[in-house]
1. Over its Cα atoms, what ratio of radius of gyration to 2.2 N^0.38 Å does region 276-317 give?
2. What ratio of Cα Rg to 2.2 N^0.38 Å holds for region 186-331?
3. Go through MET5, HIS257, LEU370 and say which Cα lies farthest out towards the positive end of the charge dipole of the chain; charges sit on Cβ, +1 for Lys and Arg, -1 for Asp and Glu.
4. Write down Rg/Rh for region 1-134, rounded to two decimals, with Rg from the C-alpha atoms and Rh from the Kirkwood relation over Cα pairs.
5. Determine the equivalent ellipsoid of the chain by diagonalising the alpha-carbon gyration tensor, then write out the semi-axes as square roots of 5 times the eigenvalues, largest first, rounded to whole Å.
6. What relative contact order, as a whole-number percentage, does region 185-280 give when Cα pairs under 8 Å and 6 or more residues apart are counted?
7. R0 = 30 Å: FRET efficiency of ARG150 with ALA81, Cβ-based, nearest 0.05?
8. Whenever you get a sec, compute what percent of the accessible area on region 29-144 sits on carbon and sulfur atoms (1.4 Å probe).
Amino acid sequence: MRVLMLTQVAPNPPDAGPKVKTHYVLRTLAREHEVELLTFARDEAEAEHARRLAPWCARVTIVPLRRRRQREPYYLARGWATGTPFLVARDARAAFTQALVSRLASGEIAAVHADQLTMAQYLPLARAAGAWTVFDAHNAVWDLVRDLARRQPTPAHRLAAELEWRLLRRFEGAACRSSTLTLTVAPRDRALLTEAAGQPIHAATIPIGVEAEEVTPVATDPAATSLLSVATMHYPPNAEALRWFRDTVWPRVRAAHPAARVDVVGPRPPADLAQWGQADERAGVHGYVPDLAALYHAAAVFIVPLRSGSGVRVKILEAMARGIPVVSTTIGAAGLDLHDGQHLLIADTPGQFAEAVLTLLRDPARRTALAQAARARVLELYDWRRCCQPVLAQYERLGTIAVPQASAAPRMNAAPASRKGGIGDGG
């Protein structure tokens, strides 16, 4: 069948968690189906990366996306006034809607695959055209925002986050109820989305896969003393995690191991985290790094100090595939079939996390054993050629599931076809 995949960011190169997942799902679908890609691109470099997916795609259509921070209050107010989560409202664009309507009008599209939350707003158009709809949820965003709301710094921030997660739960629930099929990456997210839907849904769990077989483990120095974090730092849970590590864990490690240093990699670090790298000679905050080979080679331990989140941390799988031992919180390792002490070390308090890091810094043999067991586990369960394969079986199931009628679908605020001055215009 011909499948039209909708993505909020071009899934190439696979250099961030969501992009990794989508990249390999697209390539898996392309084995047996004709796949078209309709994607936003923020600049010409991203558009060029999208065009490089042409070997796997029957067609690549690119819609420019400009985001301006000064427009965010407008999207917030406009979205909430219509009962739409801010995270959805800011990515409603008339140009994207028009491109989708054009492809649906051709009659060639059998199924529309909406990648992540923000693309689900376009699925009502696909249902109206009689196409099967797949909501590839990645994770339950409403639960993530609910968790973050509890730790907001002011009453106003807590109130805003409280309203946002409730709108997200309603939106995600409606998306799941009205989609032909919902995909998640972990059983917990499937349960949370079913809870949001308030009824049983057609859903399947497809684990995230990474390139493992072709990755050569790094040859780390037994005397290495560097800790490595790789995370999209403008993403609130990641910024929160690094602040917790900086303020409560790092001082303990720094005091106990004078040679230790930490390298933090990820685009758009908040100002206070960038300042950390300037104020501490043993902390490097690098921003986006296109080639991580040197940092992976120097790393003794990969750290994932996450305190809130849903879905699965691709960065853990990638570190393990490269043979780097991991220390993570329970939340950081959630959704992965890994065992504490065998494949990684789990620690949730500042003292426990610091001690786990110090244990590995002081014991190269333990690092090696942990890393080897972890890489074997990734090869067994999480190489993309294996774990993405079930998505093909799920697409075979589509023919046995009736397409929900557009008139019967729960109310969702779909992106407008076109209008001046509305939420679908601007950037």
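1. Normalised Rg, Cα atoms only: 1.39.
2. It is 1.17.
3. MET5
4. With Rg and the Kirkwood Rh in hand, the quotient comes to 0.96.
5. For the chain, the semi-axes come out at 37, 24, 20 Å.
6. Contact order relative to length: 29 percent.
7. In this case the efficiency is close to 0.70.
8. Reported share for carbon and sulfur atoms: 52 percent.
The values are calculated or read from the model by the stated rules, or taken from the named source; none is laboratory data. Quantities reported herein were computed from a predicted structural model and do not represent experimental measurements. Because the Cβ atoms are built from the backbone with ideal geometry, glycine has one as well, and the counts that use them run over all protein chains shown. Note: areas computed on protein heavy atoms with side chains; ligands, DNA, RNA excluded. Shrake-Rupley method; radii C 1.70, N 1.55, O 1.52, S 1.80 Å.
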